[in-house]
């Protein structure tokens, strides 16, 4: 950010530069988005992660956290009710899997109806971001 100081007569004295402090050791910190955005995009996030392969709840939670750089976190108290709701809607199927030396886990996979819903949500999200971009004048939201 470049600023220039002005004396009382309106004449610029000299330009100077400011550096935005970005946390310890000047490392960028991933900002946390508005919690309402998280609520509105939760189904899209979960369906997207199930597009390529079946996953269990903890895996879904960790992937959201890792891929968002820690900005988004889904606690089990909100993730599992969401998974249950998506399963009830027929968008995902869950199956219990037991492996030796591990506790059993419920793996979720996308259904054909869920894949269709995912495409619809992806298009809706793209359209929403484009509209916001036009209103705010931002190229990419």
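The values are calculated or read from the model by the stated rules, or taken from the named source; none is laboratory data. On a predicted model such as this, the values are computed, not experimentally measured, just so you know. Cβ placement follows ideal geometry from the backbone for every residue including glycine, while neighbour counts extend to all protein chains displayed.
Points to keep in mind about this one:
- Where residue 87 falls short, out of the listed (1) in a helix (DSSP H, G or I); (2) free of Cβ contacts under 8 Å to residues at least 12 places away in the same chain: (2)
- Odd one out for residue 100 among (1) surrounded by fewer than 12 Cβ atoms within 10 Å (Cβ to Cβ); (2) within 22 Å of the chain's Cα centre (by Cα): (2)
- For the stretch 65-79, a residue qualifies if it is touching a helix residue (DSSP H, G or I) at 6+ places or on another chain (Cβ under 6 Å) and part of a helix (DSSP H, G or I), and exactly one does: 79.
- Annotation note: Cβ proximity below 7 Å between a residue of the stretch 45-60 that is on the phi > 0 side of the Ramachandran plot and free of Cβ contacts under 8 Å to residues at least 60 places away in the same chain and a residue that is part of a helix (DSSP H, G or I) and surrounded by 15 or more Cβ atoms within 10 Å (Cβ to Cβ) (sequence gap 6+ or interchain) occurs for no pair.
- Selection status of residue 97, closer than 19 Å to residue 54 by Cβ and modelled with pLDDT of 90 or more: yes
- Residue match in the stretch 55-62 (condition: in contact with a helix residue (DSSP H, G or I) (Cβ under 9 Å, 6 or more places away or on another chain), within 26 Å of residue 123 (Cβ to Cβ) and assigned to a loop (DSSP other than H, G, I, E, B)): no
Here's the yes/no breakdown for (1) modelled with pLDDT of 95 or more; (2) touching a strand residue (DSSP E or B) at 6+ places or on another chain (Cβ under 9 Å); (3) closer than 19 Å to residue 45 by Cβ:
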position: 78; (1), (2), (3): no, no, yes
position: 108; (1), (2), (3): yes, yes, yes
position: 115; (1), (2), (3): yes, no, yes
position: 119; (1), (2), (3): yes, no, yes
position: 136; (1), (2), (3): no, no, no
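- Qualifying residue in the stretch 72-91 (condition: closer than 25 Å to residue 126 by Cβ and loosely packed, with under 11 Cβ neighbours inside 10 Å): no
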